[in-house]
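For reference, the structure is listed below as structure tokens.
The values are calculated or read from the model by the stated rules, or taken from the named source; none is laboratory data. Treat the numbers as computed from the prediction; the structure is a model and nothing was measured. Ideal geometry is used to build each Cβ from the backbone, glycine not excepted, and the neighbour counts take in all protein chains shown.
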Amino acid sequence: MLPAVTATRYVTPLREGGSLPGLMEADDLGTYVVKWRAAGQGVNVLVAEVIAGELARALGLPVPVLVTVDVAPELAVGEPDVEVQELLQRSAGRNLGLDYLPGALDFDAGADGVDRELAGRVLWFDALVGNVDRSWRNPNMLFWHGRLELIDHGAALTFHHHWPGAAAAVARPYDAAEHALIECGPDVAAADAALAPLVTGELLAEVLAQVPDEWLAGDDREVTADAVRARYVEQLLARVAAREAWLPGLVQAAAAGGAGRRRTRRGENRPAWLGPPPPEGVTQR
């Protein structure tokens, strides 16, 4: 299971997107960006965050620490916004926390660059899990103390929003044309050779074991959490096995690069929960 902490103080809502994550302090003295189980996008977003985030970590990709955060409804009392207060109260219990990275810098492909090996591995991984939310418009990557960090994987694994159609997603091509790393010369072929053999049933079972039971079983008492875990393992193994259907297009897109694509200005897509960027001349690298 993920490390478990208990929230001790609600700091502020982070008004980004529709899920209204919150910044919270916990009993381990850490500060976390907390994503709520009762948010409008549903608990599947938390499941995707854990599966994609912990699979990325197991494959050697940099991801901030994930924890479960036990939130008491009383912590919502000091929040003046009624909508946010009700969201916290409905989310009482176990939620997902992402380690807060103070002073992190937003990603800029033109200014930062990422070496071809890492870019290829991130692109390959995003294609594997169907992550549609790492475009140049919304990179969901940060630099923290000189290290690239991958964040916000709730939009991955879209097949789990409609399991009857999951089989159609196994061989689905991945559109990498607007991926944030496409112009970094990603070495996708090398990434495939290195990472594909690592994605085994055993590894996926270890990753799925970190997802809390109550996030998987839902209201269907006839389906156990372990049965749902097995479905995810089967789906992701099938995706790896179907690489002949989606890998050539990924290699081709990487070779084409992002020529002529508009680049965002530094700070334009900065996650709101990071606050303003550090002052000019101040760096965490």
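So here's what we get for this one:
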| item | result |
| --- | --- |
| Unique residue being β-branched (Val, Ile, Thr), crowded, with 17+ Cβ neighbours inside 10 Å and within 20 Å of Ala4 (Cβ to Cβ) when the list is Val84, Val65, Val71 | Val71 |
| Contacts under 8 angstrom Cβ, first residue in the stretch 225-242 being free of Cβ contacts under 8 Å to residues at least 24 places away in the same chain, partner loosely packed, with under 15 Cβ neighbours inside 10 Å, 6 or more apart | Ala225/Asp213; Ala225/Glu214 |
| Given (1) surrounded by 15 or more Cβ atoms within 10 Å (Cβ to Cβ); (2) under 24 Å from Arg243 (Cβ atoms); (3) of a type in the set (Asp, Glu), index of the condition Asp152 fails | (2) |
| Number of the exception - Tyr32 against (1) part of a strand (DSSP E or B); (2) surrounded by fewer than 19 Cβ atoms within 10 Å (Cβ to Cβ); (3) at pLDDT 95 or above | (2) |
| Test set (1) within 22 Å of the chain's Cα centre (by Cα); (2) loosely packed, with under 12 Cβ neighbours inside 10 Å; (3) at pLDDT below 95 - Pro271 fails condition number | (2) |
| Failed condition for Asn140, given (1) touching a strand residue (DSSP E or B) at 6+ places or on another chain (Cβ under 9 Å); (2) crowded, with 18+ Cβ neighbours inside 10 Å; (3) at negative phi | (3) |
| The one condition in (1) assigned to a loop (DSSP other than H, G, I, E, B); (2) surrounded by fewer than 14 Cβ atoms within 10 Å (Cβ to Cβ) that Gln210 fails to fulfil | (2) |
| Check on Arg243, farther than 30 Å from Pro3 by Cα and in contact with a Gly (Cβ under 8 Å, 6 or more places away or on another chain) | no |
| Of residues in the stretch 180-200 being touching an Asp or Glu at 6+ places or on another chain (Cβ under 8 Å) and at pLDDT 95 or above, the one surrounded by the fewest Cβ atoms within 10 Å (Cβ to Cβ) | Ala190 |
| Some residue of the stretch 201-218 being more than 26 Å from Tyr100 (Cα to Cα) and at pLDDT below 95 | yes |
